[in-house]
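K.L.:
This is the structure I have questions about; it appears just below.
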Amino acid sequence: MKTRTVPGRARPARAALVLGAGGAALAGAVLLSLVAGGRPTTPLEVWQALAGGADAYTTTVVESRIPRTVMGIVAGAALALAGTLMQGVTRNPLADPGLLGVNAGAAAAVVTATALLGPTSVAATVWWALPGALAAGLAAYAVGSRGGDGGMVRLILAGAVVSAVLTAYVQAVALSMPEVFDSYRYWVVGSLAGRGYDVVLSVLPVIAAGVALALLVMGGLNALALGEEAAVATGANTTWTRTAGLVAATLLAAGATAAAGPIAFVGLAVPHIVRALAGVDFRAQVPFSLLVGPTLLLVADVLGRTVVRPTELMVGVVTAFVGSPVLLYVVRRMREAP
Amino acid sequence: MNPDRLPSRPPARRRPPVLRLGPVALPVGPRSLLWCALTLAAVAGAAVATLALGDLGISPARIPAVVAGAGEGTEAFVFDRLRGPRLAVALGAGAALGLSGALFQSVTRNPLGSPDVIGLGAGAGAGAAFVALVLPGTVPVPLGALAGAFLAMLVVYTATGTGLRHPGRLIVAGIGVAAMAQAFTHFVVSVMARDQAGVLSAYINGSLNARSWEHAAIVWAAVSAAVPLLLYLSGPVAVNEMGDELADALGAAAGRTRTLAVVLSVLLSAAAVAVAGPIAFVALTAPQIARRLSGAPGPNLALSALVGALLLVAADLAVQHLPIGEGLPVGIFTLAFGGVYLGYLLVREWRKGVL
């Protein structure tokens, strides 16, 4: 903890500066995402294509990159905010949106759908993955929060149980039905490619609800950061903050996972960056994570499109390989009694 | 540590009997011994069932003769080529996993610890995937898995900066390495041809299909080699559970004990991975069950090994004979069973208000 002990006291000038820088970085990432790819284009060509003055080929190339860029913005924002909420609510810097079994729930639903109906399009998968992810997250929450004394260990263990059982189910179905395995192995990597506007639109209401709920609880998270007893002593309603925060995190993570597949590490790593840059005030962290998440995910996607040209690395692979070293670096700075 | 939780003994109670082997002295409780005997009987029962059930089963009366090498025709073939090696591997790998988990949980003082948590299984999977994709046919997949497991442990070891002494750092670094390894495995599985990918995927879940006597020899050699070290370590490890400061004060060198125990735990797990692939949850649940059965403090090494062997043999039996399990890798079964067991454990402890 730094010298400031009251996290509620915001510093408007610094917050504005940080948010401005975050916005600029996101704009740069969006531009990069439109410019880079299998056929490199220049920013000028992108501008011409958007304004309607480029040749048909360039226009097609640039336009094909718009949906995945939009997908990257939505999924990145949702995952980052979900991670910030999870870490804030559990007060555990290693909490991750996947902790409540959201990924396993989405996977189980996708596998069930493919097994029953045969291979389907990405857009159709969303309608299975979304309820599956929500159900798993809420089931873990319902089991883990019984008693209501805020035992976060229970919650995390309940998430682990839900994940283990669902993963076993997914593996069993996938390995006994080759055609299910065939579509599952692509889904499970996590990618922004091939997602049209319909996919984005179908998860947008869920994600918007999650964001709205997050904006409502971000003040309460500041109180929660003081610790359970101090928070209660200040008159904060910790049960409401925790419940709403976890529900919002589940909505956000479910929306992102349903649309893009399980993407590792954005939810875990972004909150650390956000805390380092925006300070401990959640009223700054929440909006800032909405900027940093998309920036990172878009940059990862651009890396995946460019490093192994002409093929592509899925963004889920890139985020894991970029995010893990960050985590390993953080480990070295962890303080622990010798 | 909460002082209320320390086992408080009435002063009049007798000290437990002690088993002495040269420089090693181990306390032996009658309850532990009883459960060891019962578990051993259950393992024997499961082993007989593995050999006897099914169309090609060897009749139980003939099993001693067949095991002694006096089997004829089909019996000998079933024992030597099909079920014998599979059973031996299951027993050895189960015992290795049970020991590995018991050591790891004891020295990290974390009931959810096992070498899987620090990325061993995921590293093994990635190693197997790498070999299958980049060097198909030239290097055996288990060798790749072993190399992957060791590489993952090396990265974890380097990343912590302080070696294996700090459990917190170990587990966080393990999460990172596991995520990287898993992403790589998913990627390889997604770019491979479908049939190959299916075979690889089955291996990565941990499977006992088509084992040979060489596999059994590898894992049994590892377990036997570990026994003297385990005898040497069991005392210091039990002292370690009381806290680093107390252990140091008693002359048990907490840091060194922990490093040794983690290394041994990783080696035992790696031996199991090499012969059976990364099998989920056995290393995690076996020590938990053992601890509850014996009611004794300390790592309960012998009972954990027996419970581990029992779990794996029973899971393999289920996979071979339950209609839903047919042909699936045994690792999926242990994952489901382990998940349910973990859930049961949680609910039970909540009822008691412990957790």
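K.L.:
Report yes if B:G127 is over 15 Å from the mean Cα position of the chain (by Cα), within 19 Å of B:G174 (Cα to Cα) and not polar (S, T, N, Q), otherwise no.
P.N.:
Working: over 15 Å from the mean Cα position of the chain (by Cα): yes; within 19 Å of B:G174 (Cα to Cα): yes; not polar (S, T, N, Q): yes.
So B:G127 fits the description; yes.
K.L.:
Considering only the range B:88-111, state which residues are surrounded by fewer than 23 Cβ atoms within 10 Å (Cβ to Cβ) and either in contact with a strand residue (DSSP E or B) (Cβ under 8 Å, 6 or more places away or on another chain) or closer than 23 Å to B:V275 by Cβ (or both).
P.N.:
Answer for the range B:88-111, where residues must be surrounded by fewer than 23 Cβ atoms within 10 Å (Cβ to Cβ) and either in contact with a strand residue (DSSP E or B) (Cβ under 8 Å, 6 or more places away or on another chain) or closer than 23 Å to B:V275 by Cβ (or both): just B:A88.
K.L.:
Also, quick follow-up: How many of the residues making up the range A:183-211 are surrounded by fewer than 21 Cβ atoms within 10 Å (Cβ to Cβ), on the phi < 0 side of the Ramachandran plot and outside any helix (DSSP H, G or I)?
P.N.:
Adding up the residues that qualify gives 2.
K.L.:
In the range B:168-217, how many residues are buried (at least 19 other Cβ atoms within 10 Å of the Cβ) and over 30 Å from B:V78 (Cα atoms)?
P.N.:
Summing the residues that are buried (at least 19 other Cβ atoms within 10 Å of the Cβ) and over 30 Å from B:V78 (Cα atoms) in the range B:168-217 gives 23.
K.L.:
Can we say A:V180 is buried (at least 19 other Cβ atoms within 10 Å of the Cβ), closer than 23 Å to A:L252 by Cβ, more than 9 Å from every other protein chain (Cβ to nearest Cβ) and touching a residue at least 12 places away in the same chain (Cβ under 8 Å)?
P.N.:
no
K.L.:
Are any of the residues in the range B:23-33 part of a helix (DSSP H, G or I), modelled with pLDDT under 85 and hydrophobic (A, V, I, L, M, F, W, C)?
P.N.:
Yes, the conditions are met somewhere in the range B:23-33.
K.L.:
Continuing with the same structure: Residues B:T285, B:T259: which one is part of a helix (DSSP H, G or I), buried (at least 21 other Cβ atoms within 10 Å of the Cβ) and β-branched (V, I, T)?
P.N.:
Criteria check complete, one pass: B:T285.
K.L.:
Please go through the range B:174-227 and pick out each residue that is more than 12 Å from every other protein chain (Cβ to nearest Cβ) and acidic (D, E).
P.N.:
B:E214
K.L.:
So, one more: Out of the residues in the range A:142-159 that are more than 7 Å from every other protein chain (Cβ to nearest Cβ) and assigned to a helix (DSSP H, G or I), which is modelled with the lowest pLDDT?
P.N.:
Of everything passing the filter in the range A:142-159, A:M152 is modelled with the lowest pLDDT.
K.L.:
Looking at the range B:140-169, which of its residues are more than 19 Å from the chain's Cα centre (by Cα), more than 9 Å from every other protein chain (Cβ to nearest Cβ) and closer than 26 Å to B:R109 by Cα?
P.N.:
Of everything in the range B:140-169, those that are more than 19 Å from the chain's Cα centre (by Cα), more than 9 Å from every other protein chain (Cβ to nearest Cβ) and closer than 26 Å to B:R109 by Cα turn out to be B:L151, B:L154, B:Y157, B:G163, B:L164.
K.L.:
While we're on this one: Looking at the range B:102-134, which of its residues are among the hydroxyl-bearing types (S, T, Y), assigned to a helix (DSSP H, G or I) and within 20 Å of B:V155 (Cβ to Cβ)?
P.N.:
Listed by number, the list holds a single entry, B:T108.
K.L.:
Do we find a residue being modelled with pLDDT under 85, polar (S, T, N, Q), surrounded by fewer than 19 Cβ atoms within 10 Å (Cβ to Cβ) and within 21 Å of A:A260 (Cα to Cα) anywhere in the range A:311-323?
P.N.:
Yes: one or more hits.
K.L.:
From the list B:V275, B:V237, which one is within 20 Å of the chain's Cα centre (by Cα), buried (at least 24 other Cβ atoms within 10 Å of the Cβ) and closer than 30 Å to B:L82 by Cβ?
P.N.:
Values: B:V237 fails: closer than 30 Å to B:L82 by Cβ.
One residue alone meets the criteria, B:V275.
K.L.:
In this structure, is B:V66 touching a helix residue (DSSP H, G or I) at 6+ places or on another chain (Cβ under 8 Å) and either aromatic (F, W, Y) or over 27 Å from B:A305 (Cβ atoms) (or both)?
P.N.:
No, not satisfied.
K.L.:
On to the next question. Any idea how many residues of the range A:286-318 are part of a helix (DSSP H, G or I) and more than 8 Å from every other protein chain (Cβ to nearest Cβ)? Walk me through it before giving the result.
P.N.:
Narrowing the range A:286-318 to residues part of a helix (DSSP H, G or I): A:286-306, A:315-318.
Filter again for more than 8 Å from every other protein chain (Cβ to nearest Cβ), leaving A:286-306, A:315, A:318.
Counting residues in the range A:286-318 that are part of a helix (DSSP H, G or I) and more than 8 Å from every other protein chain (Cβ to nearest Cβ) gives 23.
K.L.:
Please determine, by comparing only the residues of the range A:212-231 that are surrounded by fewer than 17 Cβ atoms within 10 Å (Cβ to Cβ) and part of a helix (DSSP H, G or I), which one is nearest to the other protein chains (Cβ to nearest Cβ).
P.N.:
Result: A:E228.
K.L.:
To continue, here is another question. Hey, can you tell me all the residues within the range B:115-143 that are among the small types (G, A, S) and either touching a residue at least 24 places away in the same chain (Cβ under 8 Å) or buried (at least 23 other Cβ atoms within 10 Å of the Cβ) (or both)?
P.N.:
B:G119, B:G121, B:A122, B:G123, B:A124, B:G125, B:A126, B:G127, B:A128, B:A129, B:A132
Quick grid of which residues meet (1) in a helix (DSSP H, G or I); (2) more than 10 Å from chain A (Cβ to nearest Cβ); (3) among the acidic types (D, E); (4) surrounded by fewer than 24 Cβ atoms within 10 Å (Cβ to Cβ):
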{"site": "B:S304", "(1), (2), (3), (4)": "yes, yes, no, no"}
{"site": "B:A309", "(1), (2), (3), (4)": "yes, yes, no, no"}
{"site": "B:V319", "(1), (2), (3), (4)": "yes, yes, no, yes"}
{"site": "B:P323", "(1), (2), (3), (4)": "no, yes, no, yes"}
{"site": "B:F333", "(1), (2), (3), (4)": "yes, no, no, no"}
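K.L.:
Further question: Taking the range A:67-106 on its own, how many of its residues are at pLDDT below 90, surrounded by fewer than 24 Cβ atoms within 10 Å (Cβ to Cβ) and in contact with a Pro (Cβ under 9 Å, 6 or more places away or on another chain)?
P.N.:
1
The values are calculated or read from the model by the stated rules, or taken from the named source; none is laboratory data. All figures in this text were calculated on a predicted structure; none of them were measured in a lab. FYI the Cβ positions are ideal-geometry reconstructions off the backbone, even for glycines, and counts take in every protein chain you see.
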